[in-house]
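Single-structure report; data block below.
The values are calculated or read from the model by the stated rules, or taken from the named source; none is laboratory data. Quick caveat: nothing in here was measured; it's all calculated off a predicted structure. Cβ coordinates were reconstructed from backbone atoms using ideal geometry, including for glycine residues, and neighbour counts include every protein chain displayed. The area values use the complete protein model at the heavy-atom level, side chains included, leaving out ligands, DNA and RNA. Shrake-Rupley method; radii C 1.70, N 1.55, O 1.52, S 1.80 Å.
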Amino acid sequence: MTTTTSSMESEIYSSTSEDETHALAAHFASRLKKGDIVTLSGELGAGKTEFVRGICSYFDVEDIVSSPTFSIINVYTGRLRSGEPVRIVHVDLYRLKTKHELKTIGLEEWLALPDAIKLIEWPEKANGCLSRQHYHVEIRTLPGMDDRRQICIGAVGAACLGHAQK
Amino acid sequence: MEYCILAIETSCDETAAAVIAERKVLSNVIASQQEHHCWGGIVPEIASRAHLERIWFIAEQALEDAGIELDQLDAVACTVQPGLAGSLFVGANFAKGLALGLRRACVPVHHLEGHILSGFLADPALELPAVVLVASGGHTLLVLLESVAQYRLLGSTRDDAAGEAFDKIATLLGLGYPGGPALEQLAQSGTPDIPLPRPLLSDPRFEFSFSGLKTAVRRYLAEHPPQSDADRARIAASAQAAIVEVLVAKTLRAADAFGARSIVLAGGVAANQMLQHSMRTRALRRSVRVIVPERQYVLDNAAMIGLVAHIKLELRGTDAYRTLTFSIDPTPWRMHRHGSNKHARYEDATFSL
């Protein structure tokens, strides 16, 4: 597993099933630490929530991880490998239309939480407002390739994320 | 005991108020936030602001329709869980303030308990046990209503809600918001002959999953781009048939498993004609009655919140609800998985009002 996370590089994986996406996400999660932000892009049905589910399973989240499209923000409690509890904030910006609405859902306050891991679906809706350093996961569907997905993981901002900081 | 209650519901995009007395609905006012249609979804900021602008007007309208003065109220009730935080705050703070000013009790109510008990609004003599299907844009759950004050969660969705599947598939088909009714209308002119998955249909548990169906429709559209309205209608009809078949099959299976006397449909998806028709047709062969409350009680409304509050007051009296220290909670219930797999544990999911 590559640990370099400079802003331009990105790692590319391919997945042929939901289970594989889940496993890839769990593997990716091993580099996350408290305070980290992950944004997830991909069209409807690409598998963003499945990826979030994989991350949550790595942190032993016991709650059912379902779509937060209706509730906008779901918060789960998980555990780090050390056994220390960690909050996972799962945000879905799909329904949002204006930047002003980001304020009213308190996105900035959620993102600033130092002791939680934040996973954001549909970051495009926050267009330009996600200035903090974060990982970006892009799930691409391939035409005519059924369940095959290309998953690109990169870091946006600076190289002080995950392992790089340790 | 009989109580007169003003109930407030603001958990999502409806500002609603109702007056309930002796478990009967005296008035039921709903101000649908129509401006959302041009936004393409439930917009939280607009929702909470619109609630704030409308709540006094809606509450006064409910009192006027009921012919009740403020000082005749025994209690105020409000939805506190689950929903959009900002929206819940508006309703809960309004109710607390009014209760404080009137020196009355204030009863916090779980929105989903409102849907679960809405069968009593359609039939006060609802025969129990009843299996309740709550299916809306935000929720999909099967509940066993064992007594008027006790119910058991049998299962919910692992991913998308049934109404969310309608809405998102409608988006894929280029239909407007709200997508569900538009999809239903389009489906009427199509033949449901495209093979789409029935997620978890053969799974014996009472859980749902609609995310894969959405993905299947997306894939079908990529491979067979619709050339005409007829093509789109076929896809809409096929998607609707898939969603309805899973909802009906699981509900009937639960009714059989628990010897239900009644089946109640609640939530926005319960307004779907194909769901109602299919459920009724397939229940005919069993000795179980299918209850679909009036449309105004199926969609989000305050009457169901008032009913739950009334039952709570019957159980505990007004003195149990004098403190205003309760808070709102955007989450529904905490569900737990079996070990490392995806399946929820529901065995101990019995709740009392």
Search result, residues across region B:46-78 that are within 14 Å of another protein chain (Cβ to nearest Cβ) and closer than 24 Å to residue B:116 by Cβ: B:47, B:51
Note on residue A:75: of the conditions (1) within 13 Å of the chain's Cα centre (by Cα); (2) within 11 Å of chain B (Cβ to nearest Cβ); (3) not aromatic (Phe, Trp, Tyr), unmet is (1)
Restricting attention to region B:148-158, report how many residues are surrounded by fewer than 24 Cβ atoms within 10 Å (Cβ to Cβ) and within 12 Å of chain A (Cβ to nearest Cβ). 2
With the condition kept exactly as written, say whether any residue in region B:131-147 is over 18 Å from the mean Cα position of the chain (by Cα) and buried (at least 24 other Cβ atoms within 10 Å of the Cβ). no
Under 7 Å between Cβ atoms, at least 6 apart or on separate chains: pull out the pairs that start in region B:134-156 with a residue that is within 12 Å of residue B:266 (Cα to Cα) and end on any residue that is open to solvent by 10 Å² or more (accessible area, probe 1.4 Å) and modelled with pLDDT of 95 or more. B:135/B:269; B:136/B:269
Among all residue pairs at least 6 apart or on different chains, which show Cβ distances below 9 Å where the first residue, located in region B:208-229, is more than 9 Å from chain A (Cβ to nearest Cβ) and the second is open to solvent by 30 Å² or more (accessible area, probe 1.4 Å) and part of a helix (DSSP H, G or I)? B:221/B:172; B:224/B:231; B:225/B:231; B:226/B:232; B:226/B:234; B:229/B:186
Only one of (1) surrounded by fewer than 19 Cβ atoms within 10 Å (Cβ to Cβ); (2) within 11 Å of chain B (Cβ to nearest Cβ); (3) under 19 Å from residue A:27 (Cβ atoms) is not met by residue A:49, so which one is it? (1)
Being within 30 Å of residue A:97 (Cβ to Cβ), at pLDDT 80 or above and within 14 Å of chain A (Cβ to nearest Cβ) is the requirement here; does residue B:38 meet it? no
Per the filter on region A:102-132, residues among the aromatic types (Phe, Trp, Tyr) and either open to solvent by 50 Å² or more (accessible area, probe 1.4 Å) or modelled with pLDDT under 80 (or both) are A:110
Going through region B:1-35 one residue at a time, which ones are modelled with pLDDT of 85 or more and not hydrophobic (A, V, I, L, M, F, W, C)? B:2, B:3, B:9, B:10, B:11, B:14, B:15, B:22, B:23, B:24, B:27, B:28
Could you count how many residues in region B:47-91 are open to solvent by less than 40 Å² (accessible area, probe 1.4 Å), touching a residue at least 60 places away in the same chain (Cβ under 8 Å) and more than 19 Å from the chain's Cα centre (by Cα)? 6
Out of A:91, A:65, A:61, I need the residue that is under 17 Å from the mean Cα position of the chain (by Cα), surrounded by 15 or more Cβ atoms within 10 Å (Cβ to Cβ) and either away from every other protein chain (no Cβ under 11 Å) or not in a loop (DSSP other than H, G, I, E, B) (or both). Which one? A:91
